[in-house]
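Novice: Next up is a structure, given as structure tokens.
The values are calculated or read from the model by the stated rules, or taken from the named source; none is laboratory data. These numbers were taken from a predicted model, which means no experiment stands behind them. Counting neighbours? That spans all protein chains shown, and the Cβs are built from the backbone with ideal geometry, glycine included. Quick note on the areas: whole protein, heavy atoms, side chains included, nothing else; ligands and nucleic acids left out. Shrake-Rupley method; radii C 1.70, N 1.55, O 1.52, S 1.80 Å.
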Amino acid sequence: MTADVLREKFLQFFKSKKHKIVESDSLVPKDDPTVLFTPAGMNQFKKQFLGQITGFTRAATSQRCLRTDDLDKVGKTTGHHTFFEMLGNFSFGDYFKKEAITWAWEFLTGELKISPEKLWVSVYKDDDEAYGIWKDEVGVAQERIVKLGDKDNFWPAEAKEKGPNGPCGPCSEIFYDFGKDVGCREKICDPSCSCGRFVEIWNLVFTQFNRKEGGQLEPLPKKNIDTGMGLERLAAVMQGAKNNFETELFQPIIKAIEQEASRSIQAANAYAVADHLRAICFSIYDGVIPSNEERGYVIRKLIRKSSLHIKSMGIKKLFLYKLVPILAEIMQKPYPELKERQENIAQIILEEERAFLANLDNSEPLFESKFQNLKTNSDPDAAGKIAFQLYDTYGIPAELTFDWLSKHKIEVSKDAFERAMDEQKQRSKAGSAMKGDVFSLKGLKLDVKETKFLGYKTTLSKAKILKIFQDGKEVKKIKQGDSAEIVLDQTPFYAESGGQVADIGELVKGKNIFQVLDTQKNGKVTIHLGKVTKGGFKKADSLNAQVDRERRLSIARNHTATHLLQAALRKVLGPHVQQQGSLVAAEKLRFDFTHFKGLNQEELERIEEEVYQSVIENYSLSTKILTLAQAKKTGALAFFAEKYEGKVRVVSVGEVSRELCGGTHLAATGNIGLFKILHEGSVASGVRRIEAVTGKYAYQLIKEEKEKQQEELEKAFGHQRELEKQLGSQKLGQAKNSLNDLLEKIENINGLKVIAQVLPDLDMGLLRKSVDLIKEKSDNTIIALGSIQSAKALLVVAVTADLCAKGIDATKIIVEAAKPIGGSGGGRKDFAQAGGTQPENFEQAFAIIKKIASEVK
């Protein structure tokens, strides 16, 4: 029986028992700071376990889970995993032990047809009730019921003695017996023996006590059921496999590794890679990107460990990423979206693989740098700690580091390395292991009904104060200057969620004002955080709640623009683009998305154009409330890291965009006005980020850019003018210096002095100044100076005052002289100028001037 069949059978069985079938939560727990990853099926039901009414009191799931507390055992044992699916049924103050036990037995023996003789059970040593149900009502033989103590059959383990305080209770486990020929083969062997004969397949937790200080257990008013059964282990049992890795969940991956390996391999290495691949892919699927922090660090570490395993099997090339499509095929039925995103996930893994292998190849200079000081100053402990840092930060195996240190005769303490490793393991366990204090979220018991949200239709409404809190304690009234949190029966204020920032504004009662500085949600209750700026308020007051409307409008522009941006990205770059996170604020929007490389200018311009086109078309926005299944059928995009309820809100922008979204939006896209991308860059491997502005913020940006460009242009022009001025002064100086040369070249023609010369690279102004300089030094002179500027001919003709008085006219001379240079000219009697296109004919022009001088009478 395949895992897909088992999963479906389990869910349908409990559906028949009136359980709500709840979709698996993300591996990234929402609103739960107690764990890095979702470690068990019950995590998403914390609120229900704490008594919050959510519309159902029975639930069943197949929850994807991730734990790293037994990381070193993965691959070496038959059933340890980092990633696994946990089948679970839950009761929130509804049924209890009898139903949990009898239904579990019915499913295993009736639905799955497991022989009752193959099943053993354990109960808590003091739980006579559970023992009686197994023995008397189910009919399990007394010799197959084992009583165990606090460590094995109480949850959390040893909570009675060691804590933590909070909900707890006994548990009962169901074991599959592989037979007397397996394991220790002793005559007396039961589930308390770790020989391998027995494998636990189902754990039933009966949460019936509240532990108080001193280990006192008091009965809970409402008792809960929390069960968990590993799908991988159940599949192995049903397929007659004594090893989870022999099932169809792992075998296609393992066979692909074996085919690629250049030699016979150790099964443990292939098992570890197959396991880690599942954890890596589903973590990326749920929005975790490899990094050096928290969840991202765990995934980076798993990729590096997998790469080392692959390398140890003789596979020298990049290979891990090639296994992604195989996993996507295996998991296609429960997770069809994984197949749709396999290319992007593979690309992220490839980039990590490539960077890690490059680190290994470049380890020599890294070693030299890190251990340089220890070559002359021996410090084995320091060397051990550095070796761990290299492993922890760069993934460089300890053996490689130790070999290098040995060759260079640097002493190292392997104990120091192991101590640092143990400390890191403890940190990892603290972050990702199942915790006993999973119910420690504070402030959930507000004991008020769900806040009615009016903000989709208005920014102003009447409301009534239900509760007031100060420093975590409920108070009846507050006065001017007090900071507080206020809960209303209804509100137009949007609480921060889904990437959209919280609304701010005022609560007003006559002349009394409470300034709302932040809005948050606790479950389904909206909390208004702020300060009394005038007067005072008390519980049960009626008031007006008014959101800062202009700010809300700016936020709505950015939120609607974010939807248009995602649609544009998918159109320009491809459907592999998936949202990885977002920020929708008043002053800007930020959108993180999956893509393999940076965007070029052409792509950014096309994306802006696509958004602008939607703005110009002024598409109307519409919303619908659908079931999650209905919404997915419409093609609506969902942000995988978001936890959606049974009913979801679908926001459509014409036919351009359709997304699951709880945020506030515009009525039509035309109200966005302006849209401008600020910049685009990398966030992590395979993840890009675009920041943009809209409306008045975009206008202000464009205005500032224009002013800046104008300022830069004026600076450039000023600089150019200064350069020209400096150049002109330099050239005028050169002209002055060459004045004597010009005067020495005066020709005497018909009793007149004639100067006709071409001067290099002078503009018309400098030619004119040169003429003036000559006039100061000479009389009875006709002056003709030419120059070439930008391949054009410049010509000036001047006559000294004494010749001008005799009737010699510079304008008449220039008319004739300009003809050979392809131009024409004009001016005054004492000075005229011309421009032309044929500077190569200056000599002809000068010849005409000399001829005119020779004919003067």
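Novice: Return the residue satisfying two criteria in turn: it lies in the range 452-483 and is crowded, with 20+ Cβ neighbours inside 10 Å and hydrophobic (A, V, I, L, M, F, W, C), and of such residues it is nearest to Asn512 (Cα to Cα).
Specialist: Ile478
Novice: Another question, then. Among the residues of the range 365-381 satisfying the criterion of being touching a residue at least 12 places away in the same chain (Cβ under 8 Å) and assigned to a helix (DSSP H, G or I), which is nearest to the chain's Cα centre (by Cα)?
Specialist: Of everything passing the filter in the range 365-381, Leu366 is nearest to the chain's Cα centre (by Cα).
Novice: Also, quick follow-up: Taking the range 199-242 as the search range and keeping residues that are without any contact (Cβ under 8 Å) to a residue 12 or more places away in the chain and of a type in the set (Gly, Ala, Ser), which one is nearest to Ser91 (Cα to Cα)?
Specialist: Here the answer is Gly214.
Novice: Cβ-Cβ distance below 6 Å, separation of 6 or more or different chains: which pairs start in the range 556-567 with a residue that is open to solvent by 10 Å² or more (accessible area, probe 1.4 Å) and end on one that is part of a helix (DSSP H, G or I) and not charged (D, E, K, R)?
Specialist: Listed pairs, sorted by first residue: Arg557/Ile672; Arg557/Gly695.
Novice: Continuing with the same structure: Find all pairs meeting these conditions: Cβ atoms under 6 angstrom apart; at least six residues apart or on different chains; first residue within the range 106-122 and under 17 Å from Arg233 (Cα atoms) and among the β-branched types (Val, Ile, Thr); second residue modelled with pLDDT of 95 or more and in a helix (DSSP H, G or I).
Specialist: From residues that are under 17 Å from Arg233 (Cα atoms) and among the β-branched types (Val, Ile, Thr), the pairs are Thr109/Pro116; Ile114/Leu108; Val121/Trp134.
Novice: Inside the range 522-536, can you point out the residues that are in contact (Cβ under 8 Å) with a residue 60 or more places away in the chain and either open to solvent by 60 Å² or more (accessible area, probe 1.4 Å) or more than 23 Å from Arg552 (Cβ to Cβ) (or both)?
Specialist: Matches in the range 522-536: Gly523, Lys524.
Novice: Moving on. Kindly establish whether Phe591 is crowded, with 19+ Cβ neighbours inside 10 Å, closer than 25 Å to Gly481 by Cα and of a type in the set (Phe, Trp, Tyr).
Specialist: Details: crowded, with 19+ Cβ neighbours inside 10 Å: yes; closer than 25 Å to Gly481 by Cα: no; of a type in the set (Phe, Trp, Tyr): yes.
In short, no.
Novice: I need the full set of residues from the range 12-53 which are of a type in the set (Val, Ile, Thr) and open to solvent by 10 Å² or more (accessible area, probe 1.4 Å), in order please.
Specialist: First, the residues of the range 12-53 that are of a type in the set (Val, Ile, Thr): 21-22, 28, 34-35, 38, 53.
Within the range 12-53, Ile21, Val22, Val28, Thr34, Ile53 meet the criteria.
Novice: Based on what the data block shows, is Thr109 touching a Leu at 6+ places or on another chain (Cβ under 9 Å), hydroxyl-bearing (Ser, Thr, Tyr) and closer than 30 Å to Leu338 by Cα?
Specialist: Values: touching a Leu at 6+ places or on another chain (Cβ under 9 Å): yes; hydroxyl-bearing (Ser, Thr, Tyr): yes; closer than 30 Å to Leu338 by Cα: no.
Spelling it out, it is not the case that Thr109 is touching a Leu at 6+ places or on another chain (Cβ under 9 Å), hydroxyl-bearing (Ser, Thr, Tyr) and closer than 30 Å to Leu338 by Cα.
Novice: Identify, by number, the condition in (1) in a loop (DSSP other than H, G, I, E, B); (2) under 17 Å from Gln757 (Cβ atoms); (3) not β-branched (Val, Ile, Thr) that Lys819 doesn't meet.
Specialist: Looking at each condition in turn, Lys819 falls short on (2).
Novice: Hey, any hits in the range 493-516 for a residue that's buried (at least 19 other Cβ atoms within 10 Å of the Cβ), under 24 Å from Gly51 (Cα atoms) and at pLDDT below 95?
Specialist: No, there is no match, as no residue in the range 493-516 is buried (at least 19 other Cβ atoms within 10 Å of the Cβ), under 24 Å from Gly51 (Cα atoms) and at pLDDT below 95.
Novice: Does the range 108-146 hold any residues that are part of a loop (DSSP other than H, G, I, E, B) and under 23 Å from Phe10 (Cβ atoms), and which are they? Let's see the steps before the verdict.
Specialist: Our first condition is that a residue be part of a loop (DSSP other than H, G, I, E, B); within the range 108-146, this holds for 112-115, 125-127, 139-141.
Matches in the range 108-146: Leu112, Lys113, Ile114, Ser115, Gly139, Val140.
Novice: Please specify each residue of the range 382-418 satisfying the condition of being more than 25 Å from Ile303 (Cα to Cα), under 39 Å from the mean Cα position of the chain (by Cα) and open to solvent by 90 Å² or more (accessible area, probe 1.4 Å).
Specialist: Within the range 382-418, Asp415 is the sole residue that qualifies.
Novice: Where residues in the range 54-80 are outside any strand (DSSP E or B) and in contact with a strand residue (DSSP E or B) (Cβ under 9 Å, 6 or more places away or on another chain), which of them is surrounded by the fewest Cβ atoms within 10 Å (Cβ to Cβ)? Let's see the steps before the verdict.
Specialist: So the first thing to find is which residues in the range 54-80 are outside any strand (DSSP E or B), and the list is 54-57, 67-80.
Filter once more, so that each one left must be in contact with a strand residue (DSSP E or B) (Cβ under 9 Å, 6 or more places away or on another chain): 54-57, 67, 78-79.
Values: Thr54: 16, Gly55: 9, Phe56: 16, Thr57: 18, Arg67: 23, Thr78: 15, Gly79: 19.
Restricting to residues being outside any strand (DSSP E or B) and in contact with a strand residue (DSSP E or B) (Cβ under 9 Å, 6 or more places away or on another chain), the top hit is Gly55.
Novice: Of all residues in the range 197-237 being open to solvent by less than 40 Å² (accessible area, probe 1.4 Å) and not in a strand (DSSP E or B), which is modelled with the lowest pLDDT?
Specialist: Gly215
Novice: Further question on the same structure: Give the residues of the range 517-547 that are closer than 11 Å to Tyr494 by Cα and of a type in the set (Asp, Glu), sorted by residue number.
Specialist: Asp518
Novice: Within the range 257-271, is even one residue in contact with a His (Cβ under 8 Å, 6 or more places away or on another chain), surrounded by 23 or more Cβ atoms within 10 Å (Cβ to Cβ) and either over 30 Å from Lys97 (Cβ atoms) or modelled with pLDDT of 95 or more (or both)?
Specialist: yes
Novice: Does the range 84-104 hold any residues that are in contact (Cβ under 8 Å) with a residue 40 or more places away in the chain, touching a helix residue (DSSP H, G or I) at 6+ places or on another chain (Cβ under 8 Å) and open to solvent by 10 Å² or more (accessible area, probe 1.4 Å), and which are they?
Specialist: Scanning the range 84-104 gives Phe84, Met86, Phe92, Trp103.
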